[in-house]
Each structure stands twice: as C-alpha cells, then as structure tokens.
Amino acid sequence: MTDGARPAPASSWSADAVLPDDLLERFRARAAGHDREGSFPHDDLAELRERGYLTLFVPEDDGGAGLGLEQVAALQSRLATAAPATALAVGMHLVWTGCAAVLRARGDRSLDLVLADAAAGEVFAFGVSEPGNDLVLQDSTTRAEPTGDGGWRFTGTKTATSLSPVWTRLGVFGRDDTDPAAPQLVHGFVHREQPGWSSLGDWDTIGMRATESHSTRLDGVEVPASRIVRRLPVGPSGDLLVFAVFAVFETLVAAVYRGVARRAVELAVDSAAGRTSLRTGALLSQDPVVRWRVADARMAVDGIEPQVDAVARDVDGLVDHGADWPPLLVGLKTRVTETARAIVDQAVGVVGGGSFRASSELGRLQRDVLASRFHPSSTDSAHATIAARLLGPLDEHR
Ligand SMILES: Cc1cc2nc3c(=O)[nH]c(=O)nc-3n(C[C@H](O)[C@H](O)[C@H](O)COP(=O)(O)OP(=O)(O)OC[C@H]3O[C@@H](n4cnc5c(N)ncnc54)[C@H](O)[C@@H]3O)c2cc1C
C-alpha cells in the first residue's frame, strides 16, 4: 500500500498488500453469517471500497490503481479464499470496469464513462442473463425501443443480478426490432435513481447466497443516448465489446473458483492435521488414503493456478489469438470451475461428515462451488464452441 489504504500503483503492487491477512480473516468470519441470513456483505464492500478495490482497473491518471487482468484475477482468487460470495458479487463490478480497461488498452474509449463513474464511486452490476436465453450475448428477450431522442427504453427480465442492493449503475442490453430485417442489440447503462425498474427479491439459493443476485424487472426504463454504448446486429459478433465481456467475465469467474479450490485444500490439510483415527490412534495426516487425497487436491490446484494467470496475461499483453480466443476463454472457465468442484469434493472426503454441517466452512464452499456451473459458458456450450472451432459448424440440414 502507498498512501493510506489505496492500492499501490500497478508497478509496485502485491496481492497480499491490497488484501492483507487480517482483512481476509474479518471477511471469513463474517461470511458464515451472510450465508446463513442470505444478507449482502455491506461491511465487506465498505472495506473493499475504502481500499480502492472498486477502482482497481481504473487507470492511475484517473485516480485508480491501473491494474491489469492478471493482477485483478490474483486479487479475486485471494478474496474468494475468505468470502467467495463477496468476490463473485464485486466481480460483476470488476467485469464492467475491466471491459472498459480492455477496450481502452486497444484504443477504444467507448466505455470510458464506466471508468469515470467507477472513479467517482459508482458500483456497476451486470444485467445480462435472461430467463431461458441460452444465446447469452447473441440475442435478447428484453425489448429495446427507441425513445426518439437517441435513447432507448428497455422492457424485460434479467435473472441473477448480483449486487442487487447496492448497484448504482446497471449494464443492460435488449433487442430492437424496429427494422425487422435488421434487428439490433442495444447496450447501455441504467442509473439506479431512474424509474422503470424493480428488484424482485427472489434470490433464495443453496450457494453464493450473499451475492443477493435477485432478478431485475425492466419496465420501460430509459437510457439516454449518452449512456448507450453499442448497437450490434443480432447473432455472433466480432465486436470488441463482446470480446472484452467474454475475456474479463470468463477469467474473473475462473479466478473466484480458483480461490475456493485453494481454500478447500487448506481446510483439508487443517482437518487431517487435527483429527485422530480411533482405529489406528494416529493423526489422519498419517493415513495413506487421506495423504493421497490431500496430495491429489493440491496437484489439481497447482494445475489451475497458472492457467488463469496465462490467459489473463495474454489479455493484458494484447496477444491476438484470433478465432482461438473463444475456445481458450470458455475452456478456461470450464476447466477451472470443474476442477474446483472436484477439489472441493476431494477435501470433503478428507474432512468427512463435519463438512455436511450447515455451519461448516467447507460445507459452504461445497454449496458455493456448485454455482460455478451456472455461469456462462456452461460446460455444454463450451464444448460446442470448441468443437465448432475444430470441426466447423454443425450442419443445419442434417
Ligand atoms: C451466483 C450467481 C451469480 C450470478 N450473477 C449474475 C450477474 O450478476 N449478472 C448476470 O447477468 N448473470 C448472473 N448470473 C446468471 C448466470 O450468468 C446464468 O445466466 C444463470 O444462472 C442462468 O443459468 P441457466 O442458463 O442454466 O438458467 P435458465 O434456464 O436460463 O434459468 C434461469 C431462470 O429463468 C427461469 N427460466 C428458464 N427458462 C425460462 C423460460 N422459458 N421462461 C421463464 N423462466 C424461465 C429458470 O427457472 C431460472 O429461474 C449469476 C448466476 C449465479 C449462479
């Protein structure tokens, strides 16, 4: 850290300094209560905000830390070792600010309003997912209608809006069918104080409870021209915004579950070192099966650690993987999250029945890690993406 609690500039940065151990211990101590109550971690967010966490991606000249995706992913993994739901929720703000930074690094300043707002203390949520929309960014069930003065009016439902109680800016998109021959997808940012939207208060889940990801109903909420950032044709798009959303989203989601996996191994080690077997009288850490399980889990963590870093580093380094980017990104998210689920499961095998108690930290990680399969890209769509890259598109006349 440099002055006060602000993060150090990118050049002299370290994850441990931005998120010191004592801070993480406080987060971890509070996480159980937020999970039990399904309450939003306002206390965590306040401490993160104070430390400049909401401006990690904002360039130094604009008052932020100017960090890259690799550094922010490292922070998100570290935060998730203490409070996965806090990390996932604040991650949605980081997705938008990270997109803006990715665009800026490529000479596109169309999301600079996001960086300026984040520097001013605004909190961004990600209003993208819609009920039954398995085309994700390629189409929308939300209606977008021109207001006649350059803005658009949005009507529809967005599912799972993390940060529901606290966002002040909501990134949304919808479909404008004004010209039926050329429908377009319109992206913009809603301000919280505007009329025309409501939070449905329906987030009652078995994991990631503290994200308070309630559905958001848009009832003709208006976004003025100044906050419309894209108009894209319906369907697959090579637009930089779409790349940026995918690159930052998939990497930061993977980073959260990397942190969950790391913590599961720590809990397995602690448990093995602290319990004895009635059968042998020895510590479980002397049991060959337990030793194998712990080693296997750690081996798997060691495998996913550099994968997140490598993809993030390529995004930061402006590496052009061309048509291989989508397979790389969906593959990263799928591999890391599925491995994290297996690691948590292996830890459960070590810790045993205590991890089935609602109050158990590993019990919470078991539930939290299940959420990973519902974030895009799903495992099935990731395989379809990679197969299409290798084998060409499916023959529609088959
Ligand atoms: C912890 C967590 C946090 C998330 N945070 C965000 C976020 O901040 N922003 C964001 O954009 N997304 C977020 N998501 C949503 C995620 O990205 C997925 O889009 C979402 O989980 C939907 O997954 P799905 O496609 O399997 O579900 P779907 O099948 O699309 O189901 C989603 C919901 O819609 C209902 N539904 C499904 N089909 C229909 C239909 N035809 N008509 C009516 N209702 C239907 C389902 O019952 C379900 O309640 C989050 C998800 C999780 C698990």
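Quick notes
- Rg/Rh (Cα only; Kirkwood hydrodynamic radius) as it applies to segment 145-293: 1.23
- MRE, 222 nm, helices only [DSSP H, n ≥ 4, -39500 (n - 2.57), over the chain, to nearest 500]: -15500 deg cm²/dmol
- When its C-alpha radius of gyration is set against 2.2 N^0.38 Å (N residues), the chain gives a value of 1.00.
- Under the combined filter of DSSP loop state and at most 13 neighbouring Cβ atoms within 10 Å, segment 196-295 retains these trypsin sites (Lys or Arg not before Pro): 279.
- Value of Rg/Rh across segment 240-391 [Cα atoms, Kirkwood radius]: 1.08
- With only the Cα atoms considered, segment 10-123 has a convex hull volume of 89 Å³ per residue.
- Each residue of segment 276-281 is assigned a 3J(HN,Hα), and the resulting list reads 10, 8, 5, 5, 9, x Hz, derived from the Karplus form 6.51 cos²θ - 1.76 cosθ + 1.60 (θ = phi - 60°), x at Gly and Pro.
- Cα-centred dipole magnitude for the chain, charges only on beta-carbon of K, R (+1) and D, E (-1), debye, nearest 20: 1020 debye
- Net charge, residue 260 excluded, C-beta distance under 14 Å - Lys, Arg +1, Asp, Glu -1: +3
- Positive dipole terminus of the chain, leading residue within 358, 90, 229 (C-beta point charges): 358
- Computed over protein heavy atoms with a 1.4 Å probe, the carbon and sulfur contribution to the accessible area of segment 240-391 reaches 59%.
- Computed from the C-beta positions of residue 179 and residue 50 and an R0 of 35 Å, the FRET efficiency is 0.15 to the nearest 0.05.
- Evaluating kT/(6 pi eta Rh) at 20 °C and 1.002 mPa s, with the Kirkwood radius of segment 126-233 over Cα pairs in the Stokes-Einstein relation, gives 153 µm² s⁻¹.
The values are calculated or read from the model by the stated rules, or taken from the named source; none is laboratory data. Please read these numbers as outputs of a predicted model, since none were measured by experiment. Positions of Cβ are backbone-derived with ideal geometry, glycine not excepted, and every protein chain shown enters the neighbour counts. Side chains included, ligands, DNA and RNA excluded: accessible areas come from the protein's heavy atoms. Shrake-Rupley method; radii C 1.70, N 1.55, O 1.52, S 1.80 Å.
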